[in-house]
Amino acid sequence: MRVLLVEDEQLIADAIKAFLERHEYRVDWVEDGLLAKDALRTGEFDLAILDLGLPGQDGLEFLKAVRGDKADVPILILSARETTKNRIDGLNLGADDYLTKPFDMDELLARCRALVRRSAGRTRMLLEYEGLVLDLDQKKASYDGNDVVLQPLAFRLLTILLERRGRVVSKSDLMEKLYGWEENAESNVLEVYVSQIRRKTTPKLIRTIRGVGYIVDEDFSS
Ligand code: CA
């Protein structure tokens, strides 16, 4: 685990660095916001610990700049500015957690671990196939780079077919996965969703196997 520590007080920085390094973290320490920005741009960090009162560039300014360009690295604010407003500002600007000085080292460690864990789980789940991209977290679809707006069940249906591509999925399987055991769905609902998907992407994407179900072919473009 590699941590970027942004802290201008050497005593505090030394203490944090020594403590985290005893717990298998590699810590890179910088003293101001401008250096921190360069470090984040060039290095691969699992986490950043950020003081707010900094020379050069203030921590909140730094946050604004960092979240403005890229860096989805988790950021923990560690600051003596303990007003609620500061916390809210920090979190609004994209910090993931906030710990007030003075703090307990074990609590800092626990929060670092939680943040790293959380961000590992945040990795985007994407399903990609022939120009079609399904973002399973955001429930968004695009085709050839254009957003495709699908009803939630149509999105789900497409996900199921893509996950099983090359195999025919029967209508009863699809109905069960979309509706569970409820019997109240209209019998033509699958056709409705399939035609919605075809209309908004390409007619060739989903093939009907008459009387059986649907398939996304391994290579539908041929
Ligand atoms: Ca400071």
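A compact table of results
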quantity: The one condition in (1) open to solvent by 20 Å² or more (accessible area, probe 1.4 Å); (2) on the phi < 0 side of the Ramachandran plot that LEU78 fails to fulfil; calculated: (1)
quantity: Pairs, first surrounded by fewer than 13 Cβ atoms within 10 Å (Cβ to Cβ) in region 1-24, second outside any helix (DSSP H, G or I) and of a type in the set (Val, Ile, Thr), C-beta under 7 Å, six or more apart; calculated: GLU21/VAL27
quantity: Among the candidates ARG117, ARG111, residue that is open to solvent by 60 Å² or more (accessible area, probe 1.4 Å), under 30 Å from ILE160 (Cβ atoms) and without any contact (Cβ under 8 Å) to a residue 40 or more places away in the chain; calculated: ARG117
quantity: Pairs, first without any contact (Cβ under 8 Å) to a residue 24 or more places away in the chain in region 193-215, second of a type in the set (Ser, Thr, Tyr) and open to solvent by 60 Å² or more (accessible area, probe 1.4 Å), C-beta under 8 Å, six or more apart; calculated: LYS204/SER221
quantity: ASP38 within 15 Å of the ligand (Cβ to nearest atom), surrounded by fewer than 16 Cβ atoms within 10 Å (Cβ to Cβ) and without any contact (Cβ under 8 Å) to a residue 12 or more places away in the chain; calculated: no
quantity: Those strands (runs of 3 or more DSSP E) lying entirely in region 1-101 with at least 1 residues under 23 Å from the mean Cα position of the chain (by Cα); calculated: 2-6, 47-50, 75-79, 97-100
quantity: In region 74-85, the residues that are more than 16 Å from the ligand (Cβ to nearest atom) and at pLDDT 90 or above; calculated: PRO74
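The values are calculated or read from the model by the stated rules, or taken from the named source; none is laboratory data. Keep in mind the model is a prediction, meaning the values are calculated, not measured. Note: ideal-geometry Cβ built from the backbone for every residue, glycine included; neighbour counts use all protein chains shown. For accessibility, only protein heavy atoms count, side chains too; no ligands or nucleic acids. Shrake-Rupley method; radii C 1.70, N 1.55, O 1.52, S 1.80 Å.
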